[in-house]
Each structure stands twice: as C-alpha cells, then as structure tokens.
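Novice: Questions regarding the structure given below will be posed in turn.
The values are calculated or read from the model by the stated rules, or taken from the named source; none is laboratory data. Here the structure is a predicted model, which is why all the values come from computation and not from measurement. Here the Cβ is made from the backbone with ideal geometry for all residues, glycine too, and neighbour counts use every protein chain on show.
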Amino acid sequence: MTWHGWLQIAIFAALITAAVKPLGAYIAKIADGGLKPPRPVAALERALYTLAGIDRRQEQNWVTYGVALLWFHLFGIILLYLLQRVQNYLPLNPQQLDAVGPDLALGYPQLSAPRFVRPQAFERARLTCAEQTLDRHVTLFYGSYLQRDPLFVDTNLRVLSGRLCPRPDQAFLRRLIDYGIATGYLRGRAVQRTSG
C-alpha cells in the first residue's frame, strides 16, 4: 500500500475517533428523549414510522426486532438483485455497464461482483490500490498480447482432438467459474448453499 493510502486511513480513523464523543452524546440525548431531532428529520422519522406501522411509544421486543431485521435483509437482497438486473438503464452509469444476467446475479454469492469497465472509460487513477497493483501485473505480463487483434482459429484443435472450441456464452462462463472455485483458483467468502 502506498503512503497516500496509509495517510487516508489515518485521517479517516482520526476523524471517526474525534466524532465518537460528541456524536454519541447527541444520539444518546435524542434516544433518551431529552432532545428533539431537527424538524426535517423528525418529519421524515414520523413518516417512516407511519409507513412501517410503528408505535414510537412502545418498546420493541427481541421477536419484533428479529422479524424486522429479516425483512430488512430480504428487502436489501431483492433491491440489490434488481439494481444488478437494470443497471444498464439507470442514470449515473458513466461506464455504460451492462446488466448482470439472471443466472449470474445470484449464482455465486461467495464472489464479489466484478466491475466491468469499457475501454473508452478506463482511467488507471480511478482504480483502487489493489486494482492498480493487479493492473500493473497483468499489463507487465500480457500488455503487448492484449493490444493485438488476435483471431482464434480452432481448425487445428478440431483436426487434432475432434473437439470444438466452446462458445463464450453464459454457460461457458459458469463452467469456468465453477472450475476456478473447485480448483481453489477463485476464492471468496464461505457461503452455505441451500437446496431449493
């Protein structure tokens, strides 16, 4: 990591630490009822309580909290799936990213979704530190190869092995990802799959 990255982490940690006491005291006063939230915030809070059917004078027990937590996560999963499926229609999409296919949007929860960048919109300076390191390594080894305009002819493969090159479609991508996970080449968070 560069010194810029360490400096950014240090500044962020210092700001968070400095905000703990005053912000914590402010939130505690509001939660205890000793201080009323600002009017726009209070109006938004009342509207959300009304929409959710919450009585602000009633304490929330653990069952209600657990059910609310499950509903919140379910809503978040559905919203994330929908965002992936319609991201090509959304505003603020400067890289003109295409939508994620339905079978890949939920197919590999242990892997982070890749960020596809169109060549015209690629800026090395906008990459994260880890992405810049990966970009340097890939460019060093494969840069000249990737700048060519190769034409892959599978005639020799068919003659020698009797096999055809697979079509680079969603099924091929899924087989490739499955093979990478099975061999340990691709690693992600441990996710327990359920049948259904």
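Novice: Give, as residue ranges, the helices (runs of 4 or more DSSP H) completely inside region 2-110 that count at least 2 residues that are basic (Lys, Arg).
Specialist: Helices (runs of 4 or more DSSP H) meeting the threshold: 3-32, 39-52.
Novice: What is the residue count in region 26-36 for residues that are on the phi < 0 side of the Ramachandran plot and loosely packed, with under 11 Cβ neighbours inside 10 Å?
Specialist: Selection size over region 26-36: 4.
Novice: Identify, please: which residue in region 162-188 is in a loop (DSSP other than H, G, I, E, B) and farther than 22 Å from PRO102 by Cβ and is, among those, modelled with the lowest pLDDT?
Specialist: Ranking the qualifying residues of region 162-188, first place goes to ARG187.
Novice: I need the full set of residues from region 80-113 which are modelled with pLDDT of 75 or more, surrounded by 10 or more Cβ atoms within 10 Å (Cβ to Cβ) and farther than 24 Å from ALA130 by Cβ, in order please.
Specialist: Result: TYR81, LEU82, ARG85, VAL86, ASN88, LEU90, ALA99.
Novice: When region 144-161 is examined, which residues are found to be of a type in the set (A, V, I, L, M) and either closer than 30 Å to THR2 by Cβ or at pLDDT 70 or above (or both)?
Specialist: Result: LEU146, VAL153, LEU157, VAL159, LEU160.
Novice: Give the residues of region 3-25 that are closer than 23 Å to GLN132 by Cα, surrounded by 10 or more Cβ atoms within 10 Å (Cβ to Cβ) and not small (Gly, Ala, Ser), sorted by residue number. Break it down stepwise before answering.
Specialist: At the first step, the residues of region 3-25 found to be closer than 23 Å to GLN132 by Cα are 3-12.
Within this subset, residues satisfying the condition of being surrounded by 10 or more Cβ atoms within 10 Å (Cβ to Cβ) are 5-12.
If the condition is that a residue be closer than 23 Å to GLN132 by Cα, surrounded by 10 or more Cβ atoms within 10 Å (Cβ to Cβ) and not small (Gly, Ala, Ser), then TRP6, LEU7, GLN8, ILE9, ILE11, PHE12 are the ones that fit.
Novice: Given the conditions (1) farther than 30 Å from ILE181 by Cβ; (2) at pLDDT 85 or above, and given that LEU69 satisfies all but one, which numbered condition is not satisfied?
Specialist: Exception for LEU69: condition (1).
Novice: Still on this structure, please answer the following. Looking for whichever is at pLDDT below 75 and closer than 25 Å to ARG174 by Cβ here; the options are PHE141, PHE116. Which one fits?
Specialist: Criteria check complete, one pass: PHE116.
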